[in-house]
Amino acid sequence: MVPLINLRRFYCLEGETPERAILVYVKGAEKEGCFFIDSIYEQKRIVVKNLPALLGAGFRSRTGICGCSIMGSGRVCAALDTEIIISKYEKEGSYGG
C-alpha cells in the first residue's frame, strides 16, 4: 500500500478536485506514492532552477517545492520534491496542515 495524496488538499487550495482528476504514481529513492492532480500541462524535460535563499532555509521541507522552471509559454512551473511531500503526509497522518 502507498499513500494517496490529493495535492489540492495538501496545499489547502480552494475548489473541488475535478471529476476527471489524474492519478500519478511516483517512486523515488526511498518513498513512493500516488498523487491526485487536476491536469497535466505537458510532459517534457525541464531545467529546474533552485529557489532563492530569501524564501528561507526551511521552505523546501515545509512545502515540498524544490525549485521552478519557466515553460516555453512563459508560465512558471513549480518542481515538487515528492519524497518530502510523502514523508510530510505520512508524518502528519493525513492533511494535518
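3J(HN,Hα) along segment 50-55: 5, 6, x, 4, 5, 6 Hz, from the Karplus curve 6.51 cos²θ - 1.76 cosθ + 1.60 with θ = phi - 60°, whole Hz, x for Gly and Pro.
Using 1/(1 + (r/R0)^6) with R0 = 22 angstrom and r between the beta carbons of residue 54 and residue 14, what's the FRET efficiency to the nearest 0.05? According to the calculation, E is roughly 0.25. A helix-only calculation puts the chain at -5000 deg cm²/dmol for mean residue ellipticity at 222 nm, using -39500 (n - 2.57) for each DSSP H run of at least four residues, averaged over all residues. Full extension of the chain between residue 61 and residue 75 gives 2.6 nm of extra length, using 0.36 nm per residue less the Cα-Cα distance.
Coupling constants for segment 77-92 follow from the phi torsions by the Karplus curve (6.51 cos²θ - 1.76 cosθ + 1.60, θ = phi - 60°), and in residue order they are 10, 7, 9, 9, 8, 5, 5, 5, 4, 5, 4, 5, 4, 5, 5, 7 Hz; glycine and proline get x. Of the residues 38, 81, the one with the largest accessible area comes first in the ranking 38, 81, computed with a 1.4 Å probe on protein heavy atoms. If you add up the charges near residue 24, with Lys and Arg at +1 and Asp and Glu at -1, over every other residue whose beta carbon is less than 12 angstrom from its beta carbon, what do you get? Surrounding charge for residue 24 is -1.
Since only 67, 33, 53 are under comparison, the one whose Cα sits farthest along the positive direction of the charge dipole of the chain, derived from C-beta charges on Lys, Arg, Asp and Glu, is 53. Computed from backbone phi, the HN-Hα couplings of segment 37-47 come to 10, 6, 6, 10, 5, 6, 10, 6, 6, 10, 9 Hz, rounded to whole numbers (Karplus: 6.51 cos²θ - 1.76 cosθ + 1.60, θ = phi - 60°; Gly and Pro given as x).
Dividing the radius of gyration of the alpha carbons in the chain by their Kirkwood radius gives 0.95 for Rg/Rh.
Taking amide H as placed 1.01 Å from N in the peptide plane, the amide H of residue 67 sits under 5 Å from that of 79, each at least 5 places away or on another chain. For the chain, which longest stretch is free of loop sites, where a loop site is one of the GluC sites (Glu not before Pro) that DSSP puts outside H, G, I, E and B and that has at most 13 other Cβ atoms within 10 Å? Longest site-free region, per DSSP loop and neighbour criteria: 43-97. When only Cα pairs below 8 angstrom with a gap of at least 6 residues are kept, the chain shows a relative contact order of 25 percent.
Amide hydrogen proximity for residue 21: with H placed 1.01 Å from N in the peptide plane, no residue at 5 or more positions away or on another chain lies under 5 Å.
The values are calculated or read from the model by the stated rules, or taken from the named source; none is laboratory data. Treat the numbers as computed from the prediction; the structure is a model and nothing was measured. Heads up, the Cβs are rebuilt from the backbone with ideal geometry, glycines too, and the neighbour counts pull from every protein chain shown. What goes into the accessible areas is simple: the full protein's heavy atoms, side chains included, and nothing from ligands, DNA or RNA. Shrake-Rupley method; radii C 1.70, N 1.55, O 1.52, S 1.80 Å.
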